[in-house]
Structures are given as structure tokens and as C-alpha cells.
1. Please give the FRET efficiency for Gln15 paired with Trp96, using the beta carbon to beta carbon distance and R0 = 25 Å, rounded to the nearest 0.05.
2. Assuming R0 = 35 Å, what is the FRET efficiency of Tyr22 and Thr53, from their Cβ-Cβ distance, to the nearest 0.05?
3. For the chain, state which trypsin sites (Lys or Arg not before Pro) are in a DSSP loop and have at most 13 other beta carbons lying within 10 Å of their beta carbon.
4. Which lysines have a Cα less than 19 Å from the Cα of Lys55, not counting those fewer than 8 places away in the same chain?
5. Treat every Asp and Glu Cβ in segment 22-105 as -1 and every Lys and Arg Cβ as +1, leave all other atoms uncharged, and give the resulting dipole magnitude about the Cα centre to the nearest 20 debye.
6. At a temperature of 20 °C and a viscosity of 1.002 mPa s, determine how fast segment 26-105 diffuses translationally according to Stokes-Einstein, using the Kirkwood radius over alpha-carbon pairs as Rh; express D in µm²/s, rounded to the nearest whole number.
7. Between Arg84 and Val38, with labels modelled 7 Å along Cα→Cβ, what's the label distance in nm to one decimal, could you check?
Amino acid sequence: MREKDIERILVHGVQKLGGAAYKFISPGNDGVPDRLVVMPEGKVCFVELKQDTGKLSGLQRVQIRKLAGIGQNVAVLYGEDEVRVFLNQMRSGDVWLQLQKGLWM
């Protein structure tokens, strides 16, 4: 499955949960995560999406470490299955504790 198809699943799933998944582009900051997921009650997460066999570039690793280092929630999701698990955990609320522990990176 192509990355843009995986992205569409995330966006639609987040919308069904009452949130928004904004395309995140930051000029001059290459390698930032693909999406900024904003949920009710002020919960926010940066999400980098990859195909099942995809790999993070060195620049993406740097940007993710930077965001996590200043206390931001960051998830790296590989393929449709991980996106669906992530959405299910968002639905149950479990994802936020896991993100704080760095379990989605």
C-alpha cells in the first residue's frame, strides 16, 4: 500500500474520532513528521507514516528526537495495520500513555 493511501486511512480515522490530522509542512525544517493529529481535550501528536517496509531517513530521526526531546508526542507508524492499531488505541485512550513512554517510535 502506498504511503498516501496509509495517510488517508489515518486522516479518515482521526476525523471519525472527532479530531483532525493536519498535513504538517514546516519550511526550512525538512524531515518533520507527515501529520499533526489534534484531538479533543488538547491532545496532540506528530505522526510519521511509512509503508510496511519503509525506513526513516537520518533527517527524520533527528526531527523526531528533537520533538520528543521537548516533550511532544510522536508516533512512527509502519503500514495500514499499525495505523489501525494506533486508531483503536486512540479510541480507547490508551495511546496517550504509550506515546509518553515512547512506545510508538
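1. 0.85
2. The value I calculate is 0.85.
3. Sites meeting the loop and neighbour criteria: Arg2, Lys55, Lys101.
4. Lys4, Lys66
5. In debye, rounded to 20, segment 22-105 gives about 220.
6. Stokes-Einstein gives a translational diffusion coefficient of 166 µm²/s.
7. 2.9 nm
Bear in mind that the values in this text are calculations on the coordinates, not laboratory data. Not measured: the values here are computed from a predicted model. Reconstructed Cβ throughout: ideal geometry from the backbone, glycine too, with neighbour counts over all protein chains shown.
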